[in-house]
């Protein structure tokens, strides 16, 4: 703005500060209209959330009840399932890809379940590793 006060042209100031002429013009107008406050940065607010703060606070409580409590055959939460629960409970539609952002804002993170057989016997596996595997594995040659 000092450069403009020195009666330099918009294009000259734009070139000097590495900006566009339209930006310099907007800055000049904001300063004239709002003073120094007009030049302060303003964060982009983005589109307002379709879930209210109250609904967003209730969502984790609903999910903590488990997927089975909401009619699913397993307790595995997927973004599609969460989107369906949000639709049923709050009458708000979200694409499953966006649901992960909502969950992230609630402090939830993506977790992949370990792929292990339900019949797995940890004690038997540990016994096999300790006693049988040592006998089966190759020994270094002399």
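Derivation of every value follows stated rules applied to the coordinates shown; laboratory data play no part. Everything quoted here is computed from the prediction, not taken from an experiment. Reconstructed Cβ throughout: ideal geometry from the backbone, glycine too, with neighbour counts over all protein chains shown.
Shown here: Rg/Rh (Cα atoms, Kirkwood Rh), derived from the displayed model; of the candidates (i) 1.38; (ii) 0.95; (iii) 1.10, it corresponds to (i). Against the main long axis of the alpha-carbon atoms of the chain, helix 96-105 sits at an angle near 80°. Here 19, 41 are placed in order of increasing Cβ neighbour count within 10 Å, fewest first, which gives 41, 19. Return the FRET efficiency for the residue pair residue 138, residue 111: r is the Cβ-Cβ distance, R0 is 25 Å, and the value is rounded to the nearest 0.05. Efficiency computed from Cβ-Cβ geometry: 0.10. Compute the angle between helix 21-34 and the longest alpha-carbon principal axis of the chain, please, reported from 0 to 90 degrees and rounded to the nearest 10. Once rounded, the angle reads 80 degrees. Computed extension gain for residue 76 through residue 45, at 0.36 nm per residue and net of the alpha carbon distance, reaches 7.8 nm.
For the chain, the longest principal axis of the C-alpha atoms and the axis of helix 53-64 are separated by about 10°.
Could you calculate the contour length gain from residue 122 to residue 97, that is, 0.36 nm times the residue separation minus the distance between their Cα atoms, to one decimal place in nm? Write out the running numbers ahead of the final one.
Numbers: separation 25, 0.36 × 25 = 9.00 nm, distance 3.64 nm.
Result: 5.4 nm gained on full extension.
Please give the length that would be gained between residue 9 and residue 33 if that part of the chain were fully extended, namely 0.36 nm times their separation in residues minus their C-alpha to C-alpha distance (nm, one decimal). Walk me through the intermediate numbers first.
Details: separation 24, 0.36 × 24 = 8.64 nm, distance 1.96 nm.
Full extension from residue 9 to residue 33 adds 6.7 nm.
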